[in-house]
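Read the structure below first, then the notes.
The values are calculated or read from the model by the stated rules, or taken from the named source; none is laboratory data. All values reported here derive from a predicted model rather than from experimental measurement. Virtual Cβ from ideal backbone geometry, glycine too; neighbours counted across all protein chains shown. Calculation scope for accessible area: heavy atoms of the full protein, side chains included, ligands and nucleic acids excluded. Shrake-Rupley method; radii C 1.70, N 1.55, O 1.52, S 1.80 Å.
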Amino acid sequence: MGILGLSKLIADVAPEAIKECELKHLFGRKIAIDASMCLYQFLIAVRSEGAQLTSVDGETTSHLMGTFYRTIRLVENGIKPVYVFDGKPPTLKGGELAKRAERREEAQKQLQAAEEAGNAEDVDKFNRRLVKVTKQHAEDAKQLLKLMGIPYIDAPCEAEAQCAAMVKSGKVYATATEDMDALTFGSNVLLRRLTFSEARKMPIQEIQYDKVLHGLQLNKEEFIDLCIMLGCDYTSSIKGVGPKRAIELIRNHKSLEKILDNLDTKKYPVPEDWNYKDARMLFIEPEIKDPEEVDLKWNDPDEDGLVQFLCGDKQFNEERVRNGAKKLVKARNTGTQGRIDSFFKILPSTTPQKRKQADDKKTSNKKAKTTGGGRGRKPK
Amino acid sequence: MFEARLAQSAILKKVLEAVKDLLSEATFECSDSGIMVQAMDNAHVSLVSLNLRSDGFDKFRCDRNLSMGMNITTMTKILRCASSEDTVTLRAWDNPDNIIFIFESPSKEKLAEYEMKLINMDQEHLGIPETMYSCVVKMPSAEFARICKDLSQFGEAITIACSKEGVKFSAAGDYGNANIKLAQTAEVDKEEEAVCIDMQEPVKLTFACRYLNSFVKATPLCAQVKLSMSADVPLVCEYSIGEIGHIRYYLAPKIDDEDEN
């Protein structure tokens, strides 16, 4: 699942890269959403009395419920979402996937044990661990999105990589996922918690890639190597090298090759036949669709189609579905609010260097102050 | 050292009321030419630009240029502690951590001092290009406030269309629609009641009511408001602040077509 401990590392070392914002401030933005991630969230979170919502035949509909209502919430806030679905997993991910399968089996066993013991809390817990996004779930969601007039893209491989490419090309503003590896793929902006339930009242986290690099004092290549050391989905990592040591190593030696040359391998055993180069290539040149060829079009929803698809067997309330469709139409017909900073350009700060020095001086002079004391004031 | 004194706190009170809806915090740039504030609201839709010239103050001293980050909410609370007739003095040392507000009653019998902690802020300065606007409308500020309030009942946005005949404000919503037309005043008896339109070419722009309703909080500052508009650029809504300066609000228009990003 993404990069181990990266979000904590960024919060510690480059806190200025993470901003919290409200959903409504993202109006007018086109946002690529990692569909597998959010379907998974919905399957886990959208439940009634602990059980997933189901159709008459017992098929899960939690993901459809989530996709329908949360997408409407995004559109009502003026956001233009585009969902990106995973394609085939890269071959390097085989190890990680095998591990996950193992964990599922484990959970399955524990579930059985819990069921026998009659421990409802544990049953619920392990049930959630068994949740998996299947092809059928994805197909259902795609059909729903089509009826809602929301575009989606089938990535040839990893969805995060495709999202990142679309952000880089300027097709969309940001990638929305919980997986931090969207940053490793170079997504300029990463949004977390976008598809969380409104009831949780969690502000959205906006992580800026260039500020991350600046804060960590790394370039793109060094950042990728750092992520590999922290632990990614594609290869194993060096035992005993945690986030702190990893960032120190990469700052000192600039690349994994040099680190391996200088590392005390007795203390820190490097995995045998470590294929970090392949993993690195996967981050630098992932298999993606050319973003320029991707055509994003938001259309009016097909109200009757939605009713036909969601009501009946799937037991959605017809009135609420029709209302939802109307909300989508209404949101489409109101103009998009412009942003003032798209008209007036941000001027480069006139005295950044001086300010920084003054900052440093200040913090050393006045120990009681927290970091960055005096920023925002520029004594001349 | 920085020290600025105004004979009546009323002006500063009104200025604070005029920005507090849009800004929760802002950087006050002080130099020997005066005090300047430029800040965007949280959503980056509007921009407030405030300018108070040093010669408008009763006393103004600024030895070194200062950028002071202030919490507007707190500042508003402090200003509310002053009576309108009180003299107000702002004071800060070089490299300050605090700013001091001193309120003195006209009879000099009461002296109140409030100290406020300054905050650290990221500064983002926007360059605002000199623009020749297609339409410049001057009208009574109370009239503008009234129009914004009335039209907000009908929709989320107000369309302002300006032509030779006059200026038309309109809004449409689920319940119906509303139109208000103002013609240019033919004969000017009182300057502050006049509607004056200076038009190069007609424009029609749509703006969110929410922001306009925040702008009109500046109405007590000035009897007239100046609206400057051109196609596809932000609206400028300007109020003079007595003899001392001005406050300008910039508001990004709503965009209809698809090619925005």
Output the qualifying pairs, or none if there are none: Cβ atoms under 8 angstrom, residues six or more apart or on different chains, first residue in the range A:146-173 and under 16 Å from A:CYS38 (Cβ atoms), second residue among the charged types (D, E, K, R) and open to solvent by less than 10 Å² (accessible area, probe 1.4 Å). A:ALA159/A:ASP34; A:GLU160/A:ASP34; A:GLU160/A:ASP181; A:CYS163/A:ASP34
Under 7 Å by Cβ, and 6 or more places apart or on different chains, what pairs join a residue from the range A:327-343 that is within 11 Å of chain B (Cβ to nearest Cβ) and open to solvent by 50 Å² or more (accessible area, probe 1.4 Å) with one that is assigned to a loop (DSSP other than H, G, I, E, B) and β-branched (Val, Ile, Thr)? A:PHE343/B:VAL233
Could you please give the count of residues in the range B:170-221 that are of a type in the set (Gly, Ala, Ser) and in a loop (DSSP other than H, G, I, E, B)? 4
Say we look at the range B:59-87 and pick out the residues that are under 13 Å from B:ILE35 (Cβ atoms) and crowded, with 18+ Cβ neighbours inside 10 Å; which of these is nearest to the other protein chains (Cβ to nearest Cβ)? B:SER67
If A:SER55 satisfies all but one of (1) within 30 Å of A:ILE340 (Cβ to Cβ); (2) in contact with a helix residue (DSSP H, G or I) (Cβ under 7 Å, 6 or more places away or on another chain), what's the number of the condition it fails? (1)
If I filter the range A:21-30 for residues that are over 18 Å from A:THR184 (Cα atoms), away from chain B (no Cβ under 14 Å) and acidic (Asp, Glu), do I get at least one hit? no
Can you spot a residue in the range A:223-231 that is touching a residue at least 12 places away in the same chain (Cβ under 8 Å), in contact with a Ser or Thr (Cβ under 7 Å, 6 or more places away or on another chain) and either surrounded by fewer than 19 Cβ atoms within 10 Å (Cβ to Cβ) or of a type in the set (Asp, Glu) (or both)? yes
Exactly one of (1) in contact with a helix residue (DSSP H, G or I) (Cβ under 6 Å, 6 or more places away or on another chain); (2) closer than 30 Å to A:ASP302 by Cα is unmet by A:GLY186. Its number? (2)
Being open to solvent by 30 Å² or more (accessible area, probe 1.4 Å) and at pLDDT 95 or above is the filter; apply it to the range B:233-261 and report the residue that is nearest to the chain's Cα centre (by Cα). B:ARG248
Closer than 20 Å to B:THR219 by Cα, open to solvent by 50 Å² or more (accessible area, probe 1.4 Å) and touching a residue at least 12 places away in the same chain (Cβ under 8 Å): is that true of B:ILE11 in this structure? yes
In this structure, does B:LEU227 turn out to be outside any loop (DSSP other than H, G, I, E, B), more than 14 Å from chain A (Cβ to nearest Cβ) and crowded, with 18+ Cβ neighbours inside 10 Å? yes
When every residue in the range B:124-141 that is farther than 30 Å from A:PRO348 by Cβ and in contact with a Ser or Thr (Cβ under 7 Å, 6 or more places away or on another chain) is compared, the one nearest to the other protein chains (Cβ to nearest Cβ) is B:SER134
Output yes when any residue across the range B:96-113 is assigned to a strand (DSSP E or B), within 24 Å of the chain's Cα centre (by Cα), at the interface with another protein chain (Cβ under 7 Å from one of its Cβ atoms) and surrounded by 13 or more Cβ atoms within 10 Å (Cβ to Cβ), and no when none is. no
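Does A:GLY118 count as open to solvent by 30 Å² or more (accessible area, probe 1.4 Å), small (Gly, Ala, Ser) and without any contact (Cβ under 8 Å) to a residue 60 or more places away in the chain?
Against the criterion (open to solvent by 30 Å² or more (accessible area, probe 1.4 Å), small (Gly, Ala, Ser) and without any contact (Cβ under 8 Å) to a residue 60 or more places away in the chain), A:GLY118 qualifies.
Listed here are the residues, each with its yes/no results for (1) in contact with a helix residue (DSSP H, G or I) (Cβ under 7 Å, 6 or more places away or on another chain); (2) at pLDDT 90 or above.
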position: A:ASP302; (1), (2): yes, yes
position: A:GLN308; (1), (2): no, yes
position: A:VAL321; (1), (2): yes, yes
position: A:THR334; (1), (2): no, no
position: A:GLN357; (1), (2): no, no
position: A:LYS366; (1), (2): no, no
Would you please name the residue that is farthest from the other protein chains (Cβ to nearest Cβ), looking only at residues in the range B:31-42 that are outside any strand (DSSP E or B) and over 17 Å from the mean Cα position of the chain (by Cα)? B:SER33
Could you name every one of the helices (runs of 4 or more DSSP H) located completely within the range A:131-250 that has at least 2 residues being over 18 Å from A:PHE42 (Cβ atoms), in contact with an Asp or Glu (Cβ under 8 Å, 6 or more places away or on another chain) and not hydrophobic (A, V, I, L, M, F, W, C)? A:209-216
Checklist (1) away from every other protein chain (no Cβ under 14 Å); (2) within 23 Å of B:TYR211 (Cα to Cα); (3) exposed (fewer than 14 other Cβ atoms within 10 Å of the Cβ) applied to B:ILE147, failing item: (3)
If you go through the range A:8-58 one residue at a time, how many are outside any helix (DSSP H, G or I), exposed (fewer than 14 other Cβ atoms within 10 Å of the Cβ) and of a type in the set (Asp, Glu)? 4
Please pick out the residue among A:LEU74, A:LEU43 that is in contact with a His (Cβ under 7 Å, 6 or more places away or on another chain) and in contact (Cβ under 8 Å) with a residue 24 or more places away in the chain. A:LEU43
Looking only at the range A:276-313, count how many residues are open to solvent by 40 Å² or more (accessible area, probe 1.4 Å) and closer than 28 Å to A:LEU328 by Cβ. 13
